[in-house]
Every structure is written in structure tokens, then in C-alpha cells.
1. DSSP loop (so not H, G, I, E, B), at most 10 other Cβ within 10 Å: list which trypsin sites (Lys or Arg not before Pro) in the stretch 136-221 pass both filters.
2. Can you tell me which lysines have their Cα less than 18 Å from the Cα of Lys186? Leave out same-chain residues fewer than eight positions away.
3. In nm, what is the difference between 0.36 nm times the number of residues separating Ala10 and Leu187 and their Cα-Cα distance?
4. Rg over Rh of the stretch 145-211, using C-alpha atoms and the Kirkwood radius, what does it come to?
5. For the residue pair Thr215 and Ser160, what label-to-label distance in nm results when each label sits 7 Å from Cα along the Cα-to-beta-carbon direction?
6. How far is it, in nm, from the label point at Leu208 to the one at Val132 when both lie 7 Å from their Cα along the line to the Cβ?
7. What is the fewest-to-most order of Ser114, Ser145, Ser203 by other Cβ atoms lying within 10 Å of their Cβ?
8. Tell me, how many Å apart are the Cα centres for the stretch 102-144 and for the stretch 160-187?
Amino acid sequence: MLALEHAIEATLARIFGPQSHEYRQLQIAAQLDARQTTTRHLPYLDEVREAVQQNSARALALLKQAVSLMKEQSGVGGRASADRAIRAYANLDLHPEIAQAASDLYRDGHYANSIEDAVKALNALVRLRSGVELDGTALMQKVLSPNAPVLRFNDLADQSDRDEQLGFMMMFAGAVAGLRNPRAHKLIKDDPERALEFIAFVSLLAKLLDGAKKTPKPATS
């Protein structure tokens, strides 16, 4: 019992510091010995057992309080992380079409749906800008291919330009295949922080699309 008391006290001192208010407040959690519960002699074993149980329950409650305090201070708690993500979302400069598709769902806590609808909006933008009536991966590969693209992100003047075009095409196709399609076909539970990151990524793609140019059709003789 004495070894456990010392271990608890040493742990509290190491975490909070021996001179801290938290340490003084929680130090009583180390007092497990039944003799500390009363000034009179405890002649019966059942009284000793009951006193130890009471002290242990008190110590456990105090230690749980310490854990909660550390989580709150470090932001480890799930609620704290979620609250930070939700506040951060409100400050995002999202593409208008992506914000319109996703923001109400995100604010209402429908995180998977907000991601899915953000990618649906991106898919619709690519169709609108290109005039190509395809969908999903096939649409992105047709419209953004480095070989005769319908929409291009640069002049395709050299290999570096073609590599950039290919990379962006893969990002757009990946957004459809990796973000939209799984959420359209099965139940996925997304947290607010992950949803924020995915939606911001989709918004970035939409902004890139705004800067893309339509490739002129070759002149016919």
C-alpha cells in the first residue's frame, strides 16, 4: 500500500510539479492507508477493509479528475479537437461552389455527406467548364489528360508542364475515387477535423480549375 501511495504521489509531482496548485489539490489521492481515515483505533478487519475501499474510491475519482484536466490542457480530448476544427472551418476561404455544397452539412455534423457533396460539386464544375458529359474518374481523365486535354493548367510547353498537368489530373481523379465514391456506396464515419481537411483539398482543386484554360479546337480545313 505504501509503495502505491508513493508511486501516485511521485507521478503527480512529475506531471504537475511539486509546488503547483494542481499537485496540492490532488495529493490526497495518494492517501490510501486506512489509518488516515480516523484518529481512533480500527480493531475490526471489516472496518479496515471499508476504510481502504472508501479511500481507494476517493483516490480514483481524484485521479480521473487529473486525467480530465490534462486532456483539457493539452487539447487531447475529442470534443476539444472537434471544436477547434469547427472553428477553423468557419475561417476557411472556400471556393464558393464548394462552400455552397458542403458548409450546411458540415455545420450540422454530417461530415461524410459534406465531403461527398463537395466532390459532387467539383465534378459538376469540371463538366460545366469542359462541356464533356462524362462522370467521375472517366471525366477527369478525359478532360485533364496531359495528352490533348480539354482543360489545361499551363501551356504544356515542356515535360515539366506535362508532369504538372498529369499530377493535377490524378488529384481530381483521386478526389472522385477516394472521397466521393466510398461515401456514396457505404456508411463512413468522418470526424470534423478530417472532413475539414478533405473539403479544403476539394476547394483547392476547384480554385485550380478556375485558372484552367480551355484548349482551342484544331482548325478544320
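1. Details: sites: Lys142, Arg152, Arg162, Arg180, Arg183, Lys186, Lys189, Arg194, Lys207, Lys213, Lys214; in loops: Lys186, Lys189.
Taking the stretch 136-221 and a limit of 10 other Cβ atoms within 10 Å, the loop trypsin sites (Lys or Arg not before Pro) found are Lys186, Lys189.
2. Lys120
3. Numbers: separation 177, 0.36 × 177 = 63.72 nm, distance 4.63 nm.
Length gained, Ala10 through Leu187: 59.1 nm.
4. 1.07
5. 2.1
6. 1.5
7. On the way: Ser114 27, Ser145 15, Ser203 22.
Fewest-to-most ranking of Ser114, Ser145, Ser203: Ser145, Ser203, Ser114.
8. If you average the Cα positions of each part, the centres end up 11 Å apart.
Rule-based calculations on the coordinates, nothing more; no lab input. Given the structure is predicted, the values throughout are model-derived calculations rather than measurements. Note that each Cβ is placed from the backbone with ideal geometry, even for glycine, and that neighbours are counted across all protein chains shown.
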